[in-house]
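The values are calculated or read from the model by the stated rules, or taken from the named source; none is laboratory data. Given the structure is predicted, the values throughout are model-derived calculations rather than measurements. Every residue, glycine as well, gets a Cβ built from its backbone with ideal geometry; the counts of neighbours run over all protein chains shown. With ligands, DNA and RNA removed, areas are computed over all heavy atoms of the protein, side chains included. Shrake-Rupley method; radii C 1.70, N 1.55, O 1.52, S 1.80 Å.
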Amino acid sequence: MKAILRRELKSYFSSPIGYVCIAVLLALFGFLYFSIMYTGSSSYIYMVYSNMFTFCMMVIPILTMKSMSDEQRNKTDQALLTAPVSVTAIVLGKFLAAFIVYAIAMTGSLLPCVAISLFGSPSWGEIFGYYLGSLFYGAAMISIGVFISSLTVSQVISAIATFAVSIFILMMGQISSLASGTFIAQVVDWLAFDSRYSYFTQGIFNISSVVFFLSVVAIFVFLTARRLESKRWS
Amino acid sequence: MIEVKNLTKRYGANVALDNVSFSVEEGKIMGFLGPNGAGKSTTMNIITGYLSSTEGTVTVGGYDILENPNEAKKLIGYLPELPPLYMDMTVKEYLNFMYDLKKVTLPREQHIMEICRLVKINNVYKRLIGNLSKGYKQRVGIAQALLGNPPVLILDEPTVGLDPKQIIEIRKLIKDLGRNHTVILSSHILSEVQAVCERVIIINNGKLVADGATDRLAHDLSADHRLIIRVDGPENEVLHALTNLGHVKEVLSYGEKEKGAYEFSVEADMDYDIRRDLFALLTRKGWPLLAMRNTDLTLEDVFLQLTSGADPAVVRSKTKKGAEEE
């Protein structure tokens, strides 16, 4: 797993993808911080993070689009699958690499908060809540992205499909409001990422949300591994 | 070392491999021949655990590839048809990555450099794989298979894309490796298989059609075992003398081929080597022997015969005609 993780990380930064994703996220962060802090105060920091939720959903497909699809297209998966490593280790390596790139961007987002703390007293508890929340739902999205990229050999299809799923997940709250009060609304609400995430934005470290996001990661890592296995049987 | 039993692979209704069984002993080089789409790569992919079989078992070094995949895979170095190279890595990075991936325990620097020397890629060691020529990429692929010095090497068309000088070098390398490795080598270059392999397996349409020692195979499959000799001497006397020689079943004269020299076809008893007697006879009579060749099939003939389903005589006459035209 370590070998794959190291290779993936290297490939994110030997091509512009890693830098571009981090730069785009940080630039958007910076802009949001500036515009919201300019008109409001540090207590409006939740607005920054709830907006970033949307932007991260757009950048994550770019991070995960090639993780499995490129291997299949270049037949390099033959090297991975004939090496003495388990499929789960391969998938975990890929997932962690994308997650680390994402986490670097997220950690960078704490810098403006540090700047603000020099001149005011932001609520660090709240900020870390957002930070952790972003990491958790990001991890869940990345695992979905890695799974989708294992379904296709085309990076473009992989990115677009992941993007579509992102948008669907973003809109889940609205979908449930269309059928409010029904059983369907309950199910959709239960699955909706943003309602899980909103606990973090309220500064609540909700264990059930953490478990929810980690379960999503586990399920999709498992599904990706099964998908790689199933290719052998087709 | 490698045991393949009743291997069958179906893709839906399409049968890619049909009940193929063979085994390769330790320290042997086995050639794997077959026309395109015969199932060579599929078989190799199954042995290495990249694909699974529909039916049948594969064991490598006593480990079943499905039940103990990691143990079995540790024993195998695999060069697939398309070398699994990452174009965005340098040769150095790639070999180090494969070294880690294969969990090799030999001293890293020393081992990698030794392999680079062996396949002659040390001059491109720090270059990006994506910028290398096809021959170099192929050699990086071979280097990757050799990492960790696995006892079993499975090479799918290892000399594709190499220039003639490199082909000879790589063949020699494979032959050297064959002394202490078990090698399966697929190729569509028949002379390569003949030059490198002790044993050859031919598959066609997913079925095993021949399995035997490379030089015996041609002999055994030949329908007739005759000697064609060219003798400088009077036609009728030579014909008479030959016919009266022991163990000779039939002698035919093909007429005058050079001035004063005649060609004869001599058929001897099965399993009797008539050549020495023949030579002794001609020497005694004072008729110089100008040429002698047997009519055994070449590996090429065997291959064509087995994979096209055509009548051997037809195949033979075709190749003969081709030779004359040249």
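Worth a mention:
- Residue pairs, from the table B:Lys73/B:Lys126; B:Lys9/B:Lys165; B:Lys40/B:Lys134, whose Cα atoms sit over 32 Å apart: B:Lys9/B:Lys165
- Taking every Cα-Cα distance in chain A and sorting them into 5 Å bins starting at zero, the pair-distance distribution P(r) comes out as 1, 7, 13, 17, 18, 15, 12, 8, 5, 2, 1, 0, 0 percent.
- Here the protein assembly as shown exposes an accessible surface that is 59 percent carbon and sulfur, computed with a 1.4 Å probe and the other protein chains kept in place.
- Residue pairs exceeding 32 angstrom between C-alpha atoms, taken from A:Lys66/B:Lys5; A:Lys94/B:Lys28; B:Lys172/B:Lys257; B:Lys5/B:Lys249; A:Lys10/B:Lys137: A:Lys66/B:Lys5; A:Lys94/B:Lys28; B:Lys172/B:Lys257; B:Lys5/B:Lys249.
- Counted as membrane-span-like here are DSSP H helices of chain A whose alpha-carbon atoms extend 24 Å or more along the helix's own axis and whose Kyte-Doolittle mean is 1.0 or above; these are A:16-39, A:45-64, A:87-108, A:124-151, A:207-233.
- Cα pair distances exceeding 43 angstrom across the protein assembly as shown, given as percent: 42 percent
- Charging the Cβ of each Asp and Glu at -1 and of each Lys and Arg at +1, and nothing else, the dipole of the protein assembly as shown about its Cα centre rounds to 1560 debye.
- Loop sites in region B:172-263: trypsin sites (Lys or Arg not before Pro), DSSP, at most 11 other Cβ within 10 Å: B:Arg179, B:Lys259
- Inter-chain Cβ neighbour average for residues B:76-82, partner chain, 10 Å: 3
- Think of a 1.4 Å ball rolled over the protein heavy atoms: the protein assembly as shown then has 46 Å² of accessible area per residue.
- Between region A:43-85 and region A:140-171, the Cα center-to-center distance that results, in Å: 8 Å
- The modelled label-to-label distance between B:Ile168 and B:Asp232, using points 7 Å beyond Cα along the C-beta direction, is 3.3 nm.
- Occluded residues from region A:1-31, i.e. those whose accessible area drops by 50 Å² or more once the chain is not alone (1.4 Å probe): A:Ala3, A:Arg7
- Low-density loop positions, GluC sites (Glu not before Pro), region B:1-38 - DSSP coil, at most 12 other Cβ in 10 Å: B:Glu25, B:Glu26
- Between the helical axis of B:134-146 and the longest alpha-carbon principal axis of chain B there is an angle of about 70 degrees.
- Under 17 Å from B:Lys74, Cα to Cα: lysines that are on another chain or at least 8 residues apart: B:Lys102, B:Lys103
- In whole angstrom, region B:225-294 maps to an equivalent ellipsoid with semi-axes of 18, 12, 11, each derived as √(5λ) from the alpha carbon gyration tensor and ordered largest first.
- Helical mean residue ellipticity (222 nm; -39500 (n - 2.57) per DSSP H run of 4+; nearest 500) of the protein assembly as shown: -18000 deg cm²/dmol
- The label point for B:Lys285 and the one for A:Ile184, both projected 7 Å from the Cα toward the Cβ, are 10.1 nm apart.
- Interface A:B - total buried accessible surface [probe 1.4 Å, Å², rounded to 100]: 2500 Å²
- Sum of side-chain charges, B:Tyr11 neighbourhood, beta-carbon under 13 Å (Lys, Arg +1; Asp, Glu -1): +3
- Interface burial in region B:61-75, defined as at least 40 Å² less accessible area with all protein chains than with the chain alone at a 1.4 Å probe, covers B:Asn70, B:Lys73.
- The stretch between A:Val20 and A:Thr107, if pulled fully straight at 0.36 nm per residue, gains 29.8 nm over its current Cα-Cα span.
- The mean number of partner chain beta-carbon atoms within 10 angstrom of a residue's beta-carbon across peptide B:95-106 is 4.
- The mean number of partner chain beta-carbon atoms within 10 angstrom of a residue's beta-carbon across peptide B:83-93 is 4.
- Principal-axis analysis of the Cα atoms of chain B puts helix B:312-325 at an angle of about 80° to the longest axis.
- Interface residues of region A:215-234, defined as a loss of at least 50 Å² in heavy-atom accessible area between the chain alone and the complex of all protein chains with a 1.4 Å probe, are A:Arg232, A:Trp233.
- In a DSSP loop and with at most 16 other Cβ atoms within 10 Å, the trypsin sites (Lys or Arg not before Pro) in region B:92-125 are B:Lys103, B:Lys120.
- Per-residue Karplus couplings for region B:97-102, computed as 6.51 cos²θ - 1.76 cosθ + 1.60 with θ equal to phi - 60°, are listed in order as 5, 5, 4, 5, 4, 8 Hz, Gly and Pro entered as x.
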